[in-house]
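Below is one structure; the comments refer to it alone.
The values are calculated or read from the model by the stated rules, or taken from the named source; none is laboratory data. Everything numeric in this text was worked out from a predicted model, so none of it was measured. Here the Cβ positions follow ideal geometry from the backbone for every residue, glycine too, while neighbour counts run over all protein chains shown. Areas reflect the complete protein model, heavy atoms only, side chains present, ligands, DNA and RNA absent. Shrake-Rupley method; radii C 1.70, N 1.55, O 1.52, S 1.80 Å.
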Amino acid sequence: MASELAPRLQLVPILRTVLLVFSVFALLNGHSYIGPFYQFTDVRAAFAVCWAAVAWNAVCVVAVAVHPHLQRLADGLPFPVKVTVRGRTLLSYGDPDESGDGLFAPLTAKLGLAFLDVLLATLVLVFMLAAREKALDCLLCVDGKMYVPEWTRNIWLTVLIFEYALALFQTLEGASIWYKQRYINKRGHISLA
């Protein structure tokens with residue numbers, strides 16, 4: 001019988017899936033409009049980082065989807081793979097004695113994923129801020145200049161907000177894992193040392 005009454009809500013994979021579905025259609029729409037007009041490096045860089053975020057989220061969603069199968073594969077390994085640094089497990093795979101949840105130790109995995117999400121979000125922010133000031137000469141425009149459309153900047157902003165939110169949630173999950181390992185699991189144990 002399962003120890004949990006109901007399956008946990010997987011908030012981070014759900015957010016990654018929503019971002020993935022939204023981003024693909026929004027970025028394709030942005031490319032179809034902005035591509036031939038804007039050849040600025042900052043605009044292309046912002047789109048490139050957004051596509052990198054899409055690829056990263058796709059990898060994470062697929063990893064979550066196949067995670068139980070990886071655990072079954074780990075049971076068939078001829079030897080466990082375990083990497084520790086200063087007594088902390090960074091990588092544990094196929095070790096039945098380790099309480100890790102797959103490829104990485106839980107706390108290291110959460111913080112590593114959060115770091116990559118923050119890095120991608122910061123790059124999107126930098127290129128978005130640089131690209132919004134770029135303008136082309138336009139005879140039919142009101143002030144004679146054509147800027148990057150606001151809806152395109154909103155696409156970048158949405159990717160940015162999702163990535164920062166994912167990083168925040170994973171950092172909070174990492175903090176809860178650390179608190180559980182540090183305090184909750186040690187309740188009721190008396191040390192005579």
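Some observations on this one:
- Residue within the stretch 9-19 that is assigned to a helix (DSSP H, G or I), modelled with pLDDT of 90 or more and buried (at least 19 other Cβ atoms within 10 Å of the Cβ) present: yes
- Output for the stretch 124-152, where each listed residue is open to solvent by less than 70 Å² (accessible area, probe 1.4 Å), closer than 19 Å to residue 23 by Cβ and in a helix (DSSP H, G or I): 124, 125, 127, 128, 131, 152
- Looking across the stretch 98-114, the residues that are modelled with pLDDT under 60 and either more than 17 Å from the chain's Cα centre (by Cα) or hydroxyl-bearing (Ser, Thr, Tyr) (or both) come down to 98, 99, 100, 101, 102.
- From the options 123, 90, 129, residue that is modelled with pLDDT of 75 or more and either under 29 Å from residue 65 (Cα atoms) or among the aromatic types (Phe, Trp, Tyr) (or both): 123
- Within the stretch 21-30, the set of residues being within 15 Å of the chain's Cα centre (by Cα) and surrounded by 19 or more Cβ atoms within 10 Å (Cβ to Cβ) comprises just one member, 23.
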